[in-house]
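Here is the structure we will look at, set down as structure tokens.
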Amino acid sequence: MIREQQSKNQYYDSTLKRSIDILVGSLGLPVALVAIMLVGIAIKIEDQGPIFFKQPRLGKDGKLFDMYKLRTFRDGAITSV
């Protein structure tokens, strides 16, 4: 009887957590997209370069992958250092 009650509580807890995750994600995603768009426009206005920066990174088991980030430096700054 106690195990059955614990199982039900775990089900409701995980369902509640999932619901909150979906709600917060649904509200946060549009806010993040607007912020990324505004920063992207600012980058374009500032020096006409690309908005995103692609950099190879080392992942799990030594596998390379490309990471995309908003560019926060002048275009070509890495090659000039």
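Tabulated data
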| read-out | value |
| --- | --- |
| The stretch 62-73 - phi-based ³J(HN,Hα) in whole Hz, Karplus 6.51/-1.76/1.60, Gly and Pro as x | x, 7, 7, 9, 8, 10, 9, 9, 5, 6, 10, 9 |
| Heavy atoms of ASP21 accessible to a 1.4 Å probe, total area in Å² rounded to 10 | 80 Å² |
| Whole-Hz ³J(HN,Hα) from phi, Karplus 6.51 cos²θ - 1.76 cosθ + 1.60, for the stretch 40-57, glycine and proline x | x, 5, 5, 5, 4, 5, 4, 8, 6, x, x, 7, 9, 10, 9, 9, x, 10 |
| Pairwise label distance in nanometres, LYS17 with ILE36, each label 7 Å out on the Cα-Cβ vector | 2.6 nm |
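The values are calculated or read from the model by the stated rules, or taken from the named source; none is laboratory data. Note that the structure is a prediction, hence the values are computed from the model and not measured. Cβ coordinates were reconstructed from backbone atoms using ideal geometry, including for glycine residues, and neighbour counts include every protein chain displayed. To get the accessible areas, we keep the full protein, side chains included, count just its heavy atoms, and leave off ligands, DNA and RNA. Shrake-Rupley method; radii C 1.70, N 1.55, O 1.52, S 1.80 Å.
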